[in-house]
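Only one structure is covered here, and it is reproduced in the block below.
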Amino acid sequence: MPVPSNNLDMDVEEFRKRGKEIIDLIADYYKGVDSYPPLAQVEVGYLAKLLPTEAPLKSEPFEDIIADFNAKIMPGVTHWQSGNFFGWFPSSYSFPSFIGDMLSSMINCIGFNWICSPACTELETIVLDWLGKAFGLDESFLATRSDGSSGPGGGVIQGSASEAHIVAMLAARERMLHTLRDQGLSEEEVASASTRLVAYGSDQTHSSGQKAAMVIGCKFVSIPSDDGLRLTAAALARQIDKDRAEGNIPFFVCGTFGTTNTAAIDDLAGIAAVAARENLWYHIDAAYAGCALVCPEYRQLCRGAELADSFNVNPNKWLLVNFDFSALWVKNSCYLRDALSVTREYYRNDASDSGLVKDYRNWELPLGRRFRSLKLWFVLRMFGIEGLQQYIRRTVALGEWFEQQLLSDGRFEIIAPATFGLVVFRVLPDAVDLQRHGVDPADEGAVDSLVSDVDERIYKLMIADGRVFLTDSKVRGRHVIRACFGGTHVSQKTVQTLITVLKESADKILGRP
Ligand SMILES: *Cc1c(COP(=O)(O)O)cnc(C)c1O
């Protein structure tokens with residue numbers, strides 16, 4: 001039987017040529033990225049109007065596709081890499097990481113077992129040890145300790161902090177079920193107990209905590225945070241007592257180093273003590289702020305992390321590693337593996353059977369995994385730890401500069417300071433003309449709601465202006481504006497634009513000062 005020829009429409013020589021053109025396109029994009037409106041200016045459903053309803057039957061010319069990319073896709077892109085983008089937390093990038101990603105695409109392996117590409121597994125273990133050391137993590141989180149011995153700890157790259165949260169919670173449940181069995185409970189009793197598990201976070205914990213509990217099917221309790229928006233040991237202990245009294249089984253607590261809303265830091269050491277006493281798995285979510293740990297001056301803020309069971313940081317947020325890359329370290333990977341190992345004949349091989357290799361498929365939800373460690377490897381080698389420290393300190397300095405400008409304007413208050421390059425602020429009640437709005441200054445509720453309303457109007461005007469993009473939120477029900485300075489292209493010039501837009505918007509809403 002004749003086999004049809006492999007008539008791919010892009011052969012290797014065509015790829016060589018086109019690939020170089022695309023590198024030029026990418027380089028031009030990054031050169032001019034600050035000149036785009038940071039937020040995509042399109043309406044819902046814009047793209048369906050521009051594209052056919054079915055895939056083409058026949059091959060189309062490359063030029064046509066690129067032309068459509070430029071004309072139809074790019075207008076619908078929000079430019080996270082623009083220096084005028086201050087929204088959410090950044091998606092920082094770097095060219096070394098970009099290159100690592102290209103090489104990962106080149107290899108395009110599916111590294112679920114060691115044998116699938118030994119380098120994929122081994123580089124991951126090595127660079128996560130490098131990064132763990134660069135963060136000053138406790139040795140027990142590392143795969144190889146300073147004396148050369150290897151323990152049950154180690155790092156694994158997850159696709160996201162949300163996946164890390166799910167995986168940590170699964171390991172926590174596994175450990176709790178082990179404990180119950182060790183206490184002599186029958187399988188029936190263990191099954192019944194597993195329906196009464198409770199996981200904890202605060203009202204500031206990232207939504208992934210609740211989502212993880214939804215996925216594994218346990219209860220999640222959001223404990224009210226204190227005035228500093230922190231989860232405290234006392235509040236956790238009180239909630240545990242209450243839940244135990246109701247016959248529930250606390251098994252997991254998430255402490256956050258740098259919450260999404262305001263970059264607040266939970267009482268990490270206090271929570272550690274409660275978790276140890278109450279036999280809870282202690283997960284630390286340091287998705288954004290953990291990146292700052294490359295700078296030693298941040299480590300004392302993270303005291304208590306050495307007592308956690310799992311620790312998670314997203315270098316794709318603030319450490320120049322392109323999305324996606326979420327580093328999760330665990331002290332005892334056996335619970336992860338017990339919770340996530342399912343072996344089938346088609347995955348078996350001598351290396352796996354020998355027990356001498358890591359098969360990362362047993363440390364994560366998916367089977368398949370990319371060769372993501374190449375990104376971090378390029379970043380760590382090309383910047384060095386010093387280069388990363390400089391980048392973090394620069395972000396923080398830009399945030400502090402912005403904060404000074406805000407304070408000297410006199411019409412704003414800082415809700416969360418620029419410790420991690422995130423400034424959360426709102427308009428001061430004193431800057432709002434209560435009389436003009438017919439609000440009695442003694443009526444706290446009315447003042448509050450007016451100030452929130454005015455703050456939101458200033459924010460919306462800034463977005464409508466289009467020169468900058470930033471996000472808003474609520475803290476204790478009050479409207480606040482968030483500006484984060486960690487993007488790779490954020491500079492004094494773009495922060496100045498942000499200040500200008502803010503002042504102009506405030507002038508329009510408040511009347512000139
Ligand atoms: C961004 C963030 C997350 C979620 O990150 P993903 O990797 O997108 O799941 C979790 N926790 C905190 C504190 C975050 O800031």
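The values are calculated or read from the model by the stated rules, or taken from the named source; none is laboratory data. All values derive from a computational prediction rather than experimental measurement. No Cβ is skipped: glycine too gets one built from the backbone with ideal geometry, and neighbour counts run over all protein chains shown. Note: accessible area is taken over every heavy atom of the protein model, side chains too, but ligands, DNA and RNA are not part of it. Shrake-Rupley method; radii C 1.70, N 1.55, O 1.52, S 1.80 Å.
Per residue and in cubic angstrom, what volume does the convex hull of the Cα atoms of segment 33-72 have?
82
Determine the relative contact order of the chain: mean sequence separation of Cα pairs under 8 Å and six or more apart, normalised by residue count, in whole percent.
The value is 20 percent.
What number comes out for the charge environment of GLY486, summing +1 per Lys or Arg and -1 per Asp or Glu over other residues with Cβ under 11 Å away?
+2
How many percent of the accessible area of the chain is carbon or sulfur, using a 1.4 Å probe?
Heavy-atom surface of the chain belonging to carbon and sulfur, 1.4 Å probe: 54 percent.
For a 27 Å ceiling on Cα separation, which of these pairs sit above it: LYS20/LYS72; LYS20/LYS58; LYS242/LYS317; LYS20/LYS375; LYS31/LYS375?
LYS242/LYS317
In square nanometres and to one decimal, what's the mean projected area of the convex hull around the Cα atoms of segment 9-166? Please list the in-between numbers first.
Values: hull surface 56.4 nm².
Seen from a random direction, the Cα hull of segment 9-166 projects 14.1 nm² on average.
Take the Cα gyration tensor of segment 96-160, multiply each eigenvalue by 5, square-root it, and list the three semi-axes largest first, rounded to whole angstrom.
24, 14, 10
I need the phi-derived Karplus couplings for segment 12-24: 6.51 cos²θ - 1.76 cosθ + 1.60, θ = phi - 60°, integer Hz, Gly and Pro marked x.
Residue by residue, segment 12-24 yields 5, 6, 5, 4, 4, 6, 5, x, 5, 4, 5, 4, 4 Hz.
Tell me, rounded to the nearest percent, the portion of alpha carbon pairs in the chain spaced more than 35 Å apart.
43
Please give me the summed charge of the neighbours of ASN312: other residues whose Cβ is under 10 Å from its Cβ, Lys and Arg +1, Asp and Glu -1.
-2
In debye, nearest 20, what is the charge dipole magnitude of segment 385-510 about its Cα centre with +1 on Lys and Arg Cβ and -1 on Asp and Glu Cβ, if you could check?
Here segment 385-510 has a charge dipole of around 520 debye.
Could you give the radius of gyration (one decimal) and Dmax (whole number) of the Cα atoms in segment 262-361, in Å?
Rg and Dmax of segment 262-361, Cα atoms, are 16.9, 50 Å.
If you roll a 1.4 Å probe over the heavy atoms of the protein chains, what accessible area per residue do you get for the chain, in Å²?
47
Need one number: % antiparallel among DSSP beta bridges in the chain, to the nearest 5. Numbers along the way, then the final one.
Numbers: 24 of 42 bridges.
Of the beta bridges lying entirely in the chain, close to 55 percent run antiparallel.
Along the charge dipole of the chain, which of LEU336, LEU236, ILE115 sits closest to the positive end, that is, farthest toward it, with unit charges on the beta carbon of Lys, Arg, Asp and Glu (+1, +1, -1, -1)?
Result: ILE115, furthest along the dipole toward the positive end.
For segment 342-358 and segment 470-509, compute the distance between their C-alpha centroids and round to whole Å.
The distance from the Cα centre of segment 342-358 to that of segment 470-509 comes to 52 Å.
Apply the Karplus parameterisation 6.51 cos²θ - 1.76 cosθ + 1.60, with θ equal to phi minus 60°, to every residue of segment 243-251 and state each ³J(HN,Hα) to the nearest whole Hz, in sequence, with x for glycine and proline.
My calculation for segment 243-251 gives 5, 4, 4, 8, x, 8, 10, x, 9 Hz in order.
Exposed loop sites here are GluC sites (Glu not before Pro) in DSSP loop states with at most 10 other C-beta atoms within 10 Å. What is the longest stretch of the chain lacking them?
Segment 247-513 is the longest.
What percent does the relative contact order of segment 159-354 come to when contacts are Cα pairs within less than 8 Å and at least six residues apart? If you can, show how the numbers build up before the last one.
Working: 336 pairs, mean separation 42.8, N = 196.
Reported relative contact order: 22 percent.
Net charge near ARG344, counting Lys/Arg +1 and Asp/Glu -1 over other residues with Cβ under 13 Å of its Cβ?
Net charge in that neighbourhood comes out at 0.
So which lysines can LYS358 reach, going by Cα to Cα under 16 Å and dropping same-chain residues fewer than 8 places off?
Cross-link targets: LYS331.
Could you run the Karplus curve 6.51 cos²θ - 1.76 cosθ + 1.60 with θ = phi - 60° over segment 442-449 and give me ³J(HN,Hα) per residue in whole Hz, x for Gly and Pro?
Calculated HN-Hα couplings, in order: 7, 8, 4, x, 5, 4, 4, 6 Hz.
Please list, in chain and number order, the residues 5+ apart from ASP472 or on another chain whose amide H is under 5 Å from its amide H, with Hs placed from the backbone.
ARG482
Using DSSP to define loop residues, name the trypsin sites (Lys or Arg not before Pro) in segment 391-441 whose beta-carbon has at most 12 other beta-carbon atoms within 10 Å. Don't jump to the answer; show the numbers that get you there.
Details: sites: ARG393, ARG394, ARG411, ARG426, ARG436; in loops: ARG411, ARG436.
Taking segment 391-441 and a limit of 12 other Cβ atoms within 10 Å, the loop trypsin sites (Lys or Arg not before Pro) found are ARG436.
Could you tell me whether segment 385-433 comes out rounded, prolate or oblate from its Cα gyration tensor? Rule is a ≥ b ≥ c as square roots of the eigenvalues, rounded for a/c under 1.5, then prolate if a/b exceeds b/c, otherwise oblate. Please list the in-between numbers first.
Numbers: a/c = 6.14, a/b = 3.14, b/c = 1.95.
In terms of gyration-tensor shape, prolate.
About its Cα centre, how strong a charge dipole does segment 198-350 have in debye, to the nearest 20, once Lys and Arg get +1 and Asp and Glu get -1 at the Cβ? Don't skip to the answer; put the middle values down first.
Details: 14 positive and 17 negative charges, 38 e Å.
Dipole magnitude for segment 198-350 comes out near 180 debye.
Could you tell me whether segment 385-510 comes out rounded, prolate or oblate from its Cα gyration tensor? Rule is a ≥ b ≥ c as square roots of the eigenvalues, rounded for a/c under 1.5, then prolate if a/b exceeds b/c, otherwise oblate.
Working: a/c = 2.54, a/b = 1.98, b/c = 1.28.
Prolate, since a/c reaches 1.5 and a/b exceeds b/c.
Find the relative contact order for segment 385-510 and round it to a whole percent, using C-alpha pairs within less than 8 Å whose residues are 6+ positions apart.
RCO, segment 385-510: 26 percent.
Please work out the Kirkwood hydrodynamic radius for segment 159-354, using every pair of different C-alpha atoms, and report it in angstroms with one decimal place.
Result for segment 159-354, one decimal place: 17.3 Å.
Per-residue ellipticity at 222 nm for the chain, helices alone: DSSP H runs ≥ 4 residues times -39500 (n - 2.57), over residue total, nearest 500 deg cm²/dmol?
My calculation for the chain gives -13500 deg cm²/dmol from helical runs alone.
Taking R0 as 35 Å, what's the FRET efficiency between GLN492 and ILE73 from their Cβ-Cβ distance, rounded to 0.05?
E between GLN492 and ILE73, to the nearest 0.05, is 0.65.
Calculate the dipole size of the chain relative to its Cα centre from +1 charges on Lys and Arg beta carbons and -1 charges on Asp and Glu beta carbons; express the result in debye to the nearest 20.
So the dipole magnitude of the chain works out to roughly 360 debye.
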